[in-house]
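The block underneath contains the structure these notes are about, expressed in structure tokens.
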Amino acid sequence: MAKTYKQKSYEYISSLKPRFTQRVDNVFHHDKAFTFSNKIIPQEGTLGTSVIYSQGSDIYEMDCALPLGSESDAKRQPQTEYGDAFKSVEGKPLSPKWVYQGETVAKMEYLGNGNETTLLAMSKNGSLAWFQEGVKVPVHIVQEMMGPATSYAAMHSHVRPNNLAVSDFTLSYDNETVVKSQSNGSEEDSILKIIDNAGKPSEILRTIHVPGTTVTHTVKFFDNHLYASCSDDNVIRFWDTRTGDKPLFILEDPKNGSLNAFDSSSVSNNLFVTGTSTGFVKLWDIRAVETATTDLSKRQNGEDPIQNEIANFYHKGGDAVVDVQFSYTSPYEVFTVGGTGNIYHWDMEYALSNYDDEDPERVPQDASEELQIQSLRFLHTGGSRRNPRQKGKRNTVAWHPIVDDVIGTVDDDSLVTIYKPFSLEDSA
Amino acid sequence: MQRRNTPFRRGTPSLYHHLSMLKPSFVSRVDNVLHYDKTITFRSEIIPDKAKGILSTSLLYSQGSDIYEIDCSLPLESFYPSSSNKKSTKNEKKDDNKDTTTKDNGDKENNEQKNKTASFDDAFAAVEGKRLSPKWAYLGETVSKMSYLDSSDDSTMIAMSKNGSLAWFRDGIKVPVHIVQEMMGPSTSYAAMHSHVRPNNLAVSDFGLSSNLDTLVKSHSNGSEEDSILKIIDNAGKPGEILRTLHVPGTTVTHTVRFFDNYLYGTCSDDNTLRFWDTRTAEKPLFILTEHQNGRLNSFDTSQVTGELFVTGSSTGVIKLWDIRAVENATTDLTHRQNGEDPIQNELVSLYHSGGDSVADVAFSETSSSEFITVGGTGNVYHWDMEYLFGRNDDDNEDDSTTPAAPEELQGQCLKFFHTAGGRRTSAQQGKRNIVAMHPVIDDLVCTVTPDSQLSLYRPLKLRSV
């Protein structure tokens, strides 16, 4: 079944350049992060939801109304005009809902309404703050400061702040455990911390060292216990929160430049995607990766295991991959963010339909023109259209956790955009 | 009977709502039934049949290496309190319409008549006289503990053998589907584990399951060395995979492991120390509780309903109820002691078995936050309800200004029922673990097994004290 996608046409797209109650001198100066809340309220032909957007230390929540759309494909038409999803907040100056004073928010994750805490935010230096509905300041904090385990100077370096001040966190599926990664200053040793989010939120349960790595830039859970970390030695290490201080197994990918990004599918549990600085995107099956570590049929003991990806894709023109995220609603859909700020939508269904996890002889599906055409679904050129200085950043693009195919993003100049690509499946 | 009861409280009721007995017969020849170790547990499924007015459930019974499933049927009202039985023990709402009230009264009378009759009930009517064949078999091992998981999962039940091995069983497959085998080897002393000289000293192992069933922690002795072993084992992604091995130095036996929630668990060792751990932390306990008085700590159980309470039982018959929050706070509280001194960790309440009957096993109710049972070395089962205590105490009240209830009064108010199981029939009854089980869904339903394979299924008739 061939699919053709009407590239660059949107089912809807809305943008807002928010105004703020306090004066913001240079909006470019502040780092921004973006996520969705998981609220959805159907109302009069629209679906009310909200986006959470941080700028420096301030975190804003903005309501938006998504068009419900018509159910039948026949009636769907690509939209050429910008929509009015942000009508309710347009023109109104925003005041911060939460503030992480003295820190720059680098990543946020929405925890949910029913819980004690609503939002978990990470600052640039690796500190974590838990926020609660109705309380403007954090209710729990894990603060990273200068001290024996971290080099404050390196973290706050103005010479190479974006090299070392890279940290990340991930939540287990039951939201009961947080794992965060951070650099240990300039030493050859990055740090993982396992933190409780159930009985005693923010209690540090364990600190694990990842020797031989300066930066562990990505951590991601696969289920309630299994998680992976991706470091600057181009090695992905797989861990269980309950095991000792050694990884269960590892995956080395020394080809194709430095590994920049990594994400696992919360729908399938077995798939993950990596992205490199040279623009390669690879889809992997964790079962095959693990099996290869003990499979000695094609190699001598002592040789490196033969770990192959399911398929690989590429960004045109060598656009570096800075971020990658699996959809929360589909096992096939992935977006990648390029160094240019472009957002690439991928559909892995074609690659997976040619993949047989029982076949020991299978080889990775290399980036062929056919595979590329079948899999690259949509390209959103976002900020780069408007501003050639636009740089792709992590955590500035997010899938909506519930509504299919809806993506939100924030640009350097604080323009917030939400869109849904128009995809008319052509079975002819 | 009456003489046994008097030490506790005049008229401590020993009447049963329900009492059924079964001495099963087997398809395979069993030469000497006394020779085999036995354990018992319940399945959690209950199947109501309104037409017949019965509620079916089943229990799992192991004898040596064989595991049998035995169906039992109870009156429907043992789970659905809308009718009869509860009426006789609880005050019900007055606004019931008259028809129901009359009907209930009728039922109540029937029940009272029934309670007065001395005959046993017939929960096992369906299996009586039939020869049982094993549903599962853990060949070459002696089952010492079973834990029911869920029939919808990959595996239905976990069994532990006397030497600390674990086997996962699934409905429809007679042999284990996963195994964690303990053998002779560098970390275990096979000889000591299988010793016939002192098998019950060293061959003590246990396991606990996290509340979400994802993780299992098991303990076993490391032979005769001063070092017992805990193993954290996966029960989610790869059941049976050993994730980590922890050593508990200075202990020969760690006899009990129990989880409080998905991650926090406690272990109880023969140095009379309870250690509290998180499956995700490094190899040291989070905090400990040392209990030097009252003889050897024999048993320990946590409340899955509250997640905070636990009970310990000792060889001298002393039972203590604790609050884990208070135990933990005391480790950092320096108001009444110097740094370096042992923390002052006090129990909520201390109870005892009359006559120094040692505590062999304790089990918290899975349906009530205030009820638990203890099993004496005589095989007797004691039912406790702490509601009287909770009514008086307030855990936020830091200063202990509220005068504690007199021990005798507490004892009387909290001991709700007393079942004299095998002790009545055979004097050779020894205190064993895992021979008494509480039903995970049906309130107060208890099953016990005696060394001669007599199964008793009962629900106490508990009259509320005024």
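The condition of being among the charged types (D, E, K, R), surrounded by fewer than 18 Cβ atoms within 10 Å (Cβ to Cβ) and at pLDDT 90 or above holds for only one of A:Lys97, A:Lys39, A:Lys75, A:Lys136, that being A:Lys136.
Candidates in the range A:201-212 are the residues that are more than 10 Å from chain B (Cβ to nearest Cβ) and not in a strand (DSSP E or B); of these, the one that is surrounded by the fewest Cβ atoms within 10 Å (Cβ to Cβ) is A:Gly212.
The number of residues in the range A:89-112 being closer than 22 Å to A:Val27 by Cβ, under 19 Å from the mean Cα position of the chain (by Cα) and in a loop (DSSP other than H, G, I, E, B) comes to 1. Identify all residues within the range A:218-233 that are open to solvent by 20 Å² or more (accessible area, probe 1.4 Å) and either more than 14 Å from chain B (Cβ to nearest Cβ) or of a type in the set (Lys, Arg) (or both); write none if there are none. Matches in the range A:218-233: A:Lys220, A:Asp232, A:Asp233. Hey, can you tell me all the residues within the range B:232-254 that are in contact (Cβ under 8 Å) with a residue 40 or more places away in the chain, open to solvent by 20 Å² or more (accessible area, probe 1.4 Å) and in a strand (DSSP E or B)? The answer is B:Ile242, B:Thr245. Of all residues in the range A:113-131, those that are open to solvent by less than 10 Å² (accessible area, probe 1.4 Å) and either assigned to a strand (DSSP E or B) or touching a Ser or Thr at 6+ places or on another chain (Cβ under 7 Å) (or both) total 10.
On inspection, B:His220 fails the criterion of being modelled with pLDDT under 95, open to solvent by 10 Å² or more (accessible area, probe 1.4 Å) and away from every other protein chain (no Cβ under 14 Å).
Please enumerate the residues belonging to the range A:251-277 that are on the phi < 0 side of the Ramachandran plot, touching a Ser or Thr at 6+ places or on another chain (Cβ under 8 Å) and open to solvent by 40 Å² or more (accessible area, probe 1.4 Å). Listed by number, the residues that qualify are A:Ser258, A:Asn260, A:Val267, A:Ser277.
For a quick check of your reading: which strands (runs of 3 or more DSSP E) sit entirely within the range A:13-72 and have at least 3 residues that are of a type in the set (Ser, Thr, Tyr)?
Once the strands (runs of 3 or more DSSP E) in the range A:13-72 are filtered for at least 3 residues that are of a type in the set (Ser, Thr, Tyr), what remains is A:46-55.
When B:Ser58 is tested against the conditions (1) modelled with pLDDT under 50; (2) not in a loop (DSSP other than H, G, I, E, B), the lone failure is (1). Of the strands (runs of 3 or more DSSP E) lying entirely inside the range A:235-302, those carrying at least 1 residues that are within 14 Å of another protein chain (Cβ to nearest Cβ) and free of Cβ contacts under 8 Å to residues at least 40 places away in the same chain are A:235-240. In the range A:391-422, the residue that is modelled with the lowest pLDDT out of those that are in a loop (DSSP other than H, G, I, E, B), open to solvent by less than 20 Å² (accessible area, probe 1.4 Å) and polar (S, T, N, Q) is A:Ser414.
The values are calculated or read from the model by the stated rules, or taken from the named source; none is laboratory data. Note that the structure is predicted; figures quoted are calculated from it, not measured. Cβ: placed from backbone, ideal geometry, glycine included. Neighbour counts: every protein chain shown. Each accessible area value is taken on the protein alone, full model and side chains, heavy atoms only, with ligands, DNA and RNA left out. Shrake-Rupley method; radii C 1.70, N 1.55, O 1.52, S 1.80 Å.
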